[in-house]
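Engineer: Handing you a structure now.
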Amino acid sequence: SLHTSVVAAPGVKDIRAALRSVMSYWQHLDRLEDGAHVPVPIRVAILGGDLYTHTIVREWVRIRQHAGANTYKETSASSTGHAAGTASSEGVRFFLVPLGANGRESNLSVQLGARDAQYCALFLSDQWIDLWHSFAESTMPDSVGAQIEDYITRYLQDARDCFRLNIAEVFVTCSDFVSG
């Protein structure tokens, strides 16, 4: 079973606080392992579009820069991401989940869907779009919300392959989206 914590982070201060908690937790796990082996990466789902993803990635880079290489095991891929979403280094993986019926309008989601058939089937499908329309029109949003949660949980549990996306690629993609 997947252990999950849900944190609503609508603003930059909330995002920064949540990411600092993730960083602290990873450092705690890393110290417990005492270098014997790398703990299982923490999976963080980003529920939102390109602009929200851009904000989270930007804040993650800032937090990592502030933490420095001495407090966080760096790899040669320190500026790259693991993506089934976008991400940072070996210890934390970010997974992008488009919210709402506009997932097909997210440049990052479309790129991930082109690389990952499971992602495409879950989040760029007509069923995902229909779920969100049902959620918006539902008199029982909890039951539809449970189906949406099931999609997300299934994805996080089953995602095996991560794609390394250069953080700069994420910024350029988001910038194209924001300015376009």
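The values are calculated or read from the model by the stated rules, or taken from the named source; none is laboratory data. On a predicted model such as this, the values are computed, not experimentally measured, just so you know. Cβ sites come from the backbone with ideal geometry, for glycine too, and all protein chains shown count toward neighbours.
Engineer: Please report, ordered by residue number, the helices (runs of 4 or more DSSP H) entirely within the range 70-180 with at least 3 residues that are modelled with pLDDT of 85 or more.
Structural biologist: Result: 107-115, 117-123, 126-137, 141-158.
Engineer: Still on this structure, please answer the following. If you go through the range 6-26 one residue at a time, do you hit one that is in a helix (DSSP H, G or I), touching a helix residue (DSSP H, G or I) at 6+ places or on another chain (Cβ under 7 Å) and either modelled with pLDDT under 85 or of a type outside the set (A, V, I, L, M, F, W, C) (or both)?
Structural biologist: So far as the range 6-26 goes, yes, one or more of its residues are in a helix (DSSP H, G or I), touching a helix residue (DSSP H, G or I) at 6+ places or on another chain (Cβ under 7 Å) and either modelled with pLDDT under 85 or of a type outside the set (A, V, I, L, M, F, W, C) (or both).
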